[in-house]
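Peer 1: Quick one: the structure is below, and I'll ask about it shortly.
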Amino acid sequence: MKIIESSQNMQSLALELKSLKQKLILVPTMGALHEGHLALVDQAKQLGDKVVLSVFVNPTQFGAGEDFEKYPRPLEKDQELAQARGVDYFFVPKASEVYPAGDQTVVMVTELSRGLCGAFRPGHFRGVATVVTKLFLICQPHAAVFGEKDYQQLQVIKRLAQDLHFPIKIIGVPTLREKDGLALSSRNAYLNTLQRQIALKLPQSLQWAVRAVQQGEQESRVIKEKIIQDLQDPQIKIDYIEVVDSETLEPLPKIKAQARLLAAIRVGETRLIDNLPLKL
Ligand code: AMP
């Protein structure tokens, strides 16, 4: 596995691979790699000839008071995991490589970024859209792989790739979970034993909703109210529970095919998100 720190070297390499008709597949991450990230690598390996995994804790997608400083950065371990999983290029740029001195260009996906996490994390998706655009231009991939775990992010990036005419396939991968159902996340490391137990209420209530819809429940309001009740706990603060159209992310009062349940909660200081499709 080759380690690349400079954007210029990464871009030269990408252009060289392109001229050799080699398909490069990009897996963007913020590191602290877990099996969820590695499932994206497995998918990437199916899609092309070479895989580049980027590790970059992107400062512009963190708001004031969020966890940018304390975000875990176990770089050596990440390198080992990536290498063991067959990553070809480990792209680990410094912030100055991604945001050159004097940088003033941003990318915004307006409507899709507004609600859900966007409403609670102002500027977050602008940071995401901007950094992903930069990674696309630096790495020039044939395809890029993202997790459905960050479902709004996936929709924002699909829109961005279409709107900006990126000749890049955007591939979504289903969420990898612990045996007990908790979605794998780098932020799970912040949870203590009790909080880890309480956090389980989130996937459990999403799974309940899936079953309720299968058994005929069609009212989003009923589902949301029950989940809010089930999540009552002194350590939990709910940011949102929403039933939305899986492409437009518009709220749906009635469940229909293509409905998806998205939720964000805080357990203590730790923000957790999760989502599941609701199949009629
Ligand atoms: P992050 O490092 O958290 O920015 O995540 C990098 C990529 O991994 C994003 O596309 C995430 O959606 C994806 N990802 C994170 N957790 C999971 C998971 N549990 N299952 C599948 N993909 C995930």
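Residues checked against (1) farther than 27 Å from residue 66 by Cβ; (2) of a type in the set (Val, Ile, Thr); (3) part of a strand (DSSP E or B):
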| position | (1), (2), (3) |
| --- | --- |
| 234 | no, no, no |
| 237 | no, no, yes |
| 242 | no, no, yes |
| 249 | no, no, no |
| 256 | yes, no, no |
| 261 | no, no, yes |
| 265 | no, yes, yes |
| 272 | no, no, yes |
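Peer 1: Next question. For the range 110-133, give me each residue that is part of a helix (DSSP H, G or I), over 19 Å from residue 245 (Cα atoms) and among the charged types (D, E, K, R).
Peer 2: 126 - this is the single residue of the range 110-133 that is part of a helix (DSSP H, G or I), over 19 Å from residue 245 (Cα atoms) and among the charged types (D, E, K, R).
To keep it simple, each residue is scored yes or no on (1) assigned by TED's automatic domain parsing to the domain that holds residue 68; (2) over 22 Å from residue 13 (Cα atoms); (3) not polar (S, T, N, Q).
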{"position": "92", "(1), (2), (3)": "yes, no, yes"}
{"position": "96", "(1), (2), (3)": "yes, no, no"}
{"position": "113", "(1), (2), (3)": "yes, yes, no"}
{"position": "118", "(1), (2), (3)": "yes, yes, yes"}
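Peer 1: Then there is this: Kindly indicate the residue of the range 137-167 that is away from the ligand (no atom under 14 Å from the Cβ) and under 18 Å from residue 91 (Cβ atoms) and also surrounded by the fewest Cβ atoms within 10 Å (Cβ to Cβ) among those meeting that condition. Walk me through it before giving the result.
Peer 2: Just the residues of the range 137-167 that are away from the ligand (no atom under 14 Å from the Cβ), to begin with: 137-140, 142, 159, 162-167.
Then keep just the ones that are under 18 Å from residue 91 (Cβ atoms); that gives 137-140, 142, 166.
On the way: 137: 13, 138: 24, 139: 26, 140: 20, 142: 19, 166: 18.
Checking each candidate, the answer is 137.
Peer 1: Here is a follow-up. Of these, 241, 223, 265, which one is surrounded by 18 or more Cβ atoms within 10 Å (Cβ to Cβ), at pLDDT 95 or above and either out of contact with any strand residue (DSSP E or B) (no Cβ under 6 Å at 6 or more places or on another chain) or in the same structural domain as residue 112 (by TED's automatic domain parsing) (or both)?
Peer 2: Step by step, each of 241, 223, 265 is checked, and only 223 is surrounded by 18 or more Cβ atoms within 10 Å (Cβ to Cβ), at pLDDT 95 or above and either out of contact with any strand residue (DSSP E or B) (no Cβ under 6 Å at 6 or more places or on another chain) or in the same structural domain as residue 112 (by TED's automatic domain parsing) (or both).
Peer 1: Next question, about the same structure. Those residues that are polar (S, T, N, Q) and not in a helix (DSSP H, G or I), I need them from the range 134-162; list them, please.
Peer 2: 140
Peer 1: Where the second residue is in a loop (DSSP other than H, G, I, E, B) and the first is among the charged types (D, E, K, R) and lies in the range 142-163, which pairs have Cβ atoms under 6 Å and are six or more apart or on separate chains?
Peer 2: Pairs that qualify, where the first residue is among the charged types (D, E, K, R) and the partner is in a loop (DSSP other than H, G, I, E, B), are 148/174; 148/175; 149/175; 159/109.
Peer 1: Output the number of residues of the range 124-176 satisfying the condition of being on the phi > 0 side of the Ramachandran plot and not polar (S, T, N, Q).
Peer 2: Of the residues in the range 124-176, the ones on the phi > 0 side of the Ramachandran plot are 140, 165.
Filter once more, so that each one left must be not polar (S, T, N, Q): 165.
Result for the range 124-176: 1.
Peer 1: Considering only residues that are more than 16 Å from residue 38 (Cα to Cα) and among the acidic types (Asp, Glu), which ones fall in the range 166-197?
Peer 2: Scanning the range 166-197 gives a single hit, 180.
Peer 1: Kindly indicate whether residue 201 is within 19 Å of residue 149 (Cα to Cα) and within 16 Å of the ligand (Cβ to nearest atom).
Peer 2: It is false that residue 201 is within 19 Å of residue 149 (Cα to Cα) and within 16 Å of the ligand (Cβ to nearest atom).
Peer 1: Looking at (1) within 28 Å of residue 268 (Cα to Cα); (2) in the same structural domain as residue 50 (by TED's automatic domain parsing); (3) assigned to a loop (DSSP other than H, G, I, E, B), which one does residue 165 not meet, given that it meets all the others?
Peer 2: Result: residue 165 fails condition (1) only.
Peer 1: The conditions are (1) touching a residue at least 24 places away in the same chain (Cβ under 8 Å); (2) assigned to a loop (DSSP other than H, G, I, E, B); (3) more than 10 Å from the ligand (Cβ to nearest atom); (4) in contact with a Lys or Arg (Cβ under 8 Å, 6 or more places away or on another chain), and residue 175 fails exactly one of them. Which is it?
Peer 2: (3)
Residues checked against (1) farther than 24 Å from residue 35 by Cα; (2) surrounded by fewer than 18 Cβ atoms within 10 Å (Cβ to Cβ):
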{"position": "66", "(1), (2)": "yes, yes"}
{"position": "69", "(1), (2)": "no, yes"}
{"position": "77", "(1), (2)": "no, yes"}
{"position": "84", "(1), (2)": "no, yes"}
{"position": "111", "(1), (2)": "yes, yes"}
{"position": "130", "(1), (2)": "yes, no"}
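Peer 1: Which numbered condition trips up residue 189, out of (1) within 16 Å of the ligand (Cβ to nearest atom); (2) farther than 16 Å from residue 275 by Cα; (3) in a loop (DSSP other than H, G, I, E, B); (4) among the small types (Gly, Ala, Ser)?
Peer 2: Of (1) within 16 Å of the ligand (Cβ to nearest atom); (2) farther than 16 Å from residue 275 by Cα; (3) in a loop (DSSP other than H, G, I, E, B); (4) among the small types (Gly, Ala, Ser), only one is false for residue 189: (3).
Peer 1: Consider residue 190 carefully, then state whether it is of a type in the set (Phe, Trp, Tyr), surrounded by 15 or more Cβ atoms within 10 Å (Cβ to Cβ) and within 21 Å of residue 152 (Cα to Cα).
Peer 2: Judged against the criteria, residue 190 is not a match.
The values are calculated or read from the model by the stated rules, or taken from the named source; none is laboratory data. What you see is a predicted model; the values in this text were computed from it and never measured. Reconstructed Cβ throughout: ideal geometry from the backbone, glycine too, with neighbour counts over all protein chains shown.
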